[in-house]
Amino acid sequence: MILPIRAFGDAVLRKKCHDIPQDYPELKTLVDNMFETMHSANGIGLAAPQIGLDIRLFVVDLSPLAEDEDYEDIAEELKDFRKILINAKILEESGEEWKFNEGCLSIPDVREDVKRKETILIEYYDENFVKHTDTFSDMRARVIQHEYDHIQGILFTDHLSALKKKLVKGKLMKIAQGDVSVTYKMRFPK
């Protein structure tokens, strides 16, 4: 089922999310719905707060990037990179910071350069509640960091300089009021 994506201004996007138990009701259905919602919006990551739930769950699917010539050097790694991350905790961020132009399904039509570390060490549970501790780099690390921020109540716009924040403020207010054109289902706070 395709769920509406919460827009900038919705209070749930600012909540620090709580861990979910192994017996969380209808987890498989929720995960399936999150993937369906993300794919229908042409996204590569979606966190539970973006569909109105303040739980530590996000999904990523970087396979669409494997077809993009900008990522041909890591296409093999990306083509099967589909993850469900439950109760994730970033243990370490390392390497050089690099800028990349990010966007977000909850903040349509706003894209800005964000600096993030190139490598992360993260602990999480998969959909079967098997614990993993993995290291990711490149776009895999960036997308996971972006989605991880969501479960911490942080948006990519929070990483912008004071000047950039001023420049996008008007766009953000329009999004919060529903004054934006999108091709996917959204829910606006006002």
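Annotations for the structure displayed:
- Euclidean distance of C-alpha centroids, the range 45-103 and the range 125-174, integer Å: 9
- Carbon and sulfur %, accessible surface of the chain computed with the full protein complex present, 1.4 Å: 47
- Anisotropy class of the range 1-114 from Cα gyration tensor, a/c 1.5 cut: rounded
- Kirkwood Rh in Å, taken over the range 110-190 so that all alpha-carbon pairs contribute: 15.1
- Sorting the segments 141-154, 102-115, 13-26, 84-97 by their residues' average number of neighbouring beta-carbon atoms within 10 angstrom, most packed first, yields 141-154, 102-115, 84-97, 13-26.
- Packing here is the average count of other Cβ atoms within 10 Å per residue, and on that basis the peptides 161-168, 31-38, 182-189, highest first, run 31-38, 182-189, 161-168.
- Modelled FRET efficiency - R0 41 Å, GLU76 with VAL31, Cβ distances, 0.05 increments: 0.95
- Rolling a 1.4 Å probe over the heavy atoms of the protein chains gives the chain an accessible area of 51 Å² per residue.
- Between GLU69 and ASP113, the modelled labels are 2.3 nm apart [label points 7 Å from Cα along Cα→Cβ].
- Evaluating 6.51 cos²θ - 1.76 cosθ + 1.60 at θ = phi - 60° for every residue in the range 80-87, the Karplus couplings come out as 10, 7, 10, 9, 10, 10, 10, 6 Hz, glycine and proline recorded as x.
- Stokes-Einstein D for the range 38-190, Kirkwood Rh over Cα pairs, 4 °C, 1.567 mPa s (µm²/s): 79
The values are calculated or read from the model by the stated rules, or taken from the named source; none is laboratory data. Computed from a predicted model, the values in this text were never measured in an experiment. Counting neighbours? That spans all protein chains shown, and the Cβs are built from the backbone with ideal geometry, glycine included. The protein model used for the area step is the full one, side chains on, heavy atoms only, and it has no ligands, DNA or RNA in it. Shrake-Rupley method; radii C 1.70, N 1.55, O 1.52, S 1.80 Å.
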